[in-house]
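Peer 1: Take a look at this one; I'll ask things after.
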Amino acid sequence: MTTVPDPMAPPALPALRVTGEERNCGATSGTLHTPDELTRWIAGHCAATGHQDYEQTVRAILRAEPGAWQ
Ligand SMILES: [Zn+2]
């Protein structure tokens, strides 16, 4: 068995959360669809809170392919 990107799924979607010294800030962006949205979210959060460290996580959707791997 192997896994392949699901061709029906949208492309990998990044989300952001705050890291570093402000680890307990708890803010997360939710799913962002474009690099512009990502940049805007950081700019807005930084302007509001001064927090500067972020971690990007990428959600990818995979589909199992039974029998493709012996
Ligand atoms: Zn923050």
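Quick note: the coordinates plus some simple rules give every number you see, no bench work behind them. Because the structure is a prediction, the values reported are computed rather than measured. Ideal geometry is used to build each Cβ from the backbone, glycine not excepted, and the neighbour counts take in all protein chains shown.
Peer 1: Would you please state which residues of the range 28-66 a label at Thr2 would reach in this model, taking the label point 7 Å out along Cα→Cβ and a backbone N cut-off of under 20 Å?
Peer 2: Within reach of a label on Thr2: 60-66.
Peer 1: Quick one: which of 30-42, 54-66 comes out on top by average Cβ neighbours within 10 Å, and what's the full order, highest first? Don't jump to the answer; show the numbers that get you there.
Peer 2: Numbers: 30-42: 13.2, 54-66: 11.6.
Listed from highest to lowest mean packing, they are 30-42, 54-66.
Peer 1: Using 0.36 nm per residue of separation minus the Cα-Cα distance, give me the extension gain between Leu62 and Cys46 in nm, one decimal. It would help to have the intermediate numbers written out before the result.
Peer 2: On the way: separation 16, 0.36 × 16 = 5.76 nm, distance 3.31 nm.
The span from Leu62 to Cys46 would gain 2.5 nm if fully extended.
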